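Shown next, in structure tokens, is the structure this report addresses.
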Amino acid sequence: MVSRIPNDIFQFSTVSALMAGLCDSGPAASQLTGYGTHGLGTCSSLNGEVLFLDSVPWHMTTSPLSSTTSAPSDQEALNAPARTLSPTIRHADPTSQLPFVQVTLFRPEFTLSLPLPSASKPLTKSSLLSLLSSADPTRGSGGKNSFLPFQITGTFSKLDVRIGGPKQSSEEALSEVTARAPQWRLKGVRGTMFGILSPGWSQGISVAGFHGHFVEDEKAGEGAGVRRGGHVLDFEMEGEAEGRVEWGVTGRYHLGMPRGEEWEGLDLSVDAEGIHRAEG
């Protein structure tokens, strides 16, 4: 039923379980397209990010820059690990297991065209949070207590992304993986961001607040044939930028549980600060 009702969310496992180290197995990417068209998650052993767009699963990982290959002119390394790497995407292996994932049959119920009529400032992660969490509930457009799957398409003047993993040892925690993850700023990049805005009461089950992944459009010229993406840390769309913000409101939230001794032995106490550090 979940795959047939627009904007309902199917989720496997919880963020608290991921934080506690349960990250080696889960449903295969090919199985999840039956639950929805859009979604986001992570691969086994925290090996990169996953984004589902129009029923296509993308795997976001890093590729090395060779001694003869420099980073594209629109790409800036934000930390030391990013200086020799690039945030690339490829079609996900259908057999890839996802230890945490959220998918939905995304059908936008509300659309705002960019630039916004009253926009004197750029659209950012912070202003998007304010925009969606203050949506008019009398129109059924959500608010602070609903899950809101959203999609943004257009040109981003700045887009800060990160790609974590894989784990270097079985003991390494998610917070440690993300702390050493490379981060980049992409400038003037065009593409699609999909994410889920989750209410505060869901922290530990989901990522309360903003959680989004990005995939770059195909392009010609410099960088043709190479597409980039990642876990979105922040973004900016200038006031004159053209694009769309689309979202829906989730009516039902379906949670699939892991099973077995490891799951039953976890301490799933909510570490709100740790989740914030790990997920940005």
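The values are calculated or read from the model by the stated rules, or taken from the named source; none is laboratory data. Quick caveat: nothing in here was measured; it's all calculated off a predicted structure. Counting neighbours? That spans all protein chains shown, and the Cβs are built from the backbone with ideal geometry, glycine included.
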TODO: Filter the range 99-125 down to the residues that are over 26 Å from G48 (Cβ atoms) and among the hydroxyl-bearing types (S, T, Y), then identify the one that is modelled with the highest pLDDT.
DONE: T111
- [ ] Only residues that are exposed (fewer than 14 other Cβ atoms within 10 Å of the Cβ) and either touching a strand residue (DSSP E or B) at 6+ places or on another chain (Cβ under 7 Å) or small (G, A, S) (or both): list them for the range 69-89, please.
- [x] S70, S73, N79, A80, R83
- [ ] Output the qualifying pairs, or none if there are none: Cβ atoms under 6 angstrom, residues six or more apart or on different chains, first residue in the range 155-179 and at positive phi, second residue surrounded by fewer than 19 Cβ atoms within 10 Å (Cβ to Cβ).
- [x] G165/N47
Open item on the list: Looking at the range 1-15 only, could you name the residues that are part of a helix (DSSP H, G or I), over 20 Å from V232 (Cα atoms) and either modelled with pLDDT of 95 or more or in contact with a strand residue (DSSP E or B) (Cβ under 8 Å, 6 or more places away or on another chain) (or both)?
Closed with: V2, S3
Task: Whichever residue in the range 126-181 is modelled with pLDDT under 85 and in contact with a Gly (Cβ under 6 Å, 6 or more places away or on another chain) and, among such residues, is farthest from G274 (Cα to Cα) - done: P137
Open item on the list: Quick check on the range 28-68: of everything there that is without any contact (Cβ under 8 Å) to a residue 40 or more places away in the chain and crowded, with 19+ Cβ neighbours inside 10 Å, which residue is nearest to P94 (Cα to Cα)?
Closed with: P57
TODO: All but one of (1) farther than 17 Å from L51 by Cα; (2) surrounded by fewer than 17 Cβ atoms within 10 Å (Cβ to Cβ) hold for A17, so report the exception by its number.
DONE: (2)
Task: Unmet criterion (only one of (1) without any contact (Cβ under 8 Å) to a residue 24 or more places away in the chain; (2) closer than 26 Å to G243 by Cβ) for I89 - done: (1)
Task: Test: residue in the range 53-67 that is under 30 Å from P6 (Cβ atoms), among the small types (G, A, S) and within 18 Å of the chain's Cα centre (by Cα) - done: yes
